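The values are calculated or read from the model by the stated rules, or taken from the named source; none is laboratory data. These numbers come from a predicted model, not from an experiment. As a convention, Cβ positions derive from the backbone with ideal geometry for all residues, glycine included, and neighbour counts pool all protein chains shown. Calculation scope for accessible area: heavy atoms of the full protein, side chains included, ligands and nucleic acids excluded. Shrake-Rupley method; radii C 1.70, N 1.55, O 1.52, S 1.80 Å.
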Amino acid sequence: MSKNKEVLIAIAEIIKETDEKHPITAQEICEEIENTYGIQVERRAVGRSIKLLIEKGMDIEYCQDNRRGCFMASHQFDQWELKILMDSVLNAKFLGEKASKNLVEKLMSTTSRAKRKTLEA
């Protein structure tokens with residue numbers, strides 16, 4: 001896979017971890033890509049990639065104060081929906097403990113990092 005494609009996928013994954021209260025800047029994305037994937041990328045290239053992701057349909061918005069960065073504007077589930085689904089999975093008697101745990105992890109992966117922390121508590 002080419003470096004550009006890897007960077008684009010990495011940016012999409014990183015932005016999925018954000019929400020309106022926890023935006024991320026292009027510089028922070030550069031640092032995370034370098035730390036996680038070992039790829040160096042320029043800040044301006046990140047900005048162009050974000051614009052491309054927006055053009056292709058990702059619901060990414062920039063903060064009003066653009067220096068704060070951007071965030072994923074909508075996730076697959078609202079927090080209250082995730083809570084209901086998680087509670088239902090954990091209380092389902094026909095699911096084993098391992099299956100319940102795996103399903104809850106999959107559900108948690110559909111929201112931002114910060115919202116995951118509140119759901120875990």
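A few notes on this one:
- Filter pass, Ser100 being polar (S, T, N, Q), touching a residue at least 40 places away in the same chain (Cβ under 8 Å) and either touching a Cys at 6+ places or on another chain (Cβ under 9 Å) or part of a helix (DSSP H, G or I) (or both): no
- Lone qualifier among Ser109, Ser100 - being among the small types (Gly, Ala, Ser) and surrounded by 12 or more Cβ atoms within 10 Å (Cβ to Cβ): Ser100
- Every residue from the range 84-100 that is within 14 Å of Leu119 (Cα to Cα) and charged (D, E, K, R): Asp87
- Lone qualifier among Leu53, Leu82 - being open to solvent by less than 60 Å² (accessible area, probe 1.4 Å), part of a helix (DSSP H, G or I) and closer than 13 Å to Thr111 by Cβ: Leu82
- Checked against the criterion of being assigned to a helix (DSSP H, G or I) and in contact (Cβ under 8 Å) with a residue 24 or more places away in the chain, the candidates Glu13, Glu34, Glu28 yield just one match: Glu28.
- Within the range 60-77, tally of residues that are exposed (fewer than 12 other Cβ atoms within 10 Å of the Cβ) and in contact (Cβ under 8 Å) with a residue 12 or more places away in the chain: 2
- Checking Met1 against (1) modelled with pLDDT of 90 or more; (2) farther than 24 Å from Thr118 by Cβ; (3) of a type in the set (A, V, I, L, M); (4) part of a loop (DSSP other than H, G, I, E, B), the condition it does not meet: (1)
- Considered as a group, the residues in the range 37-50 that are assigned to a helix (DSSP H, G or I) and among the aliphatic types (A, V, I, L, M) include one that is surrounded by the most Cβ atoms within 10 Å (Cβ to Cβ), and that residue is Val46.
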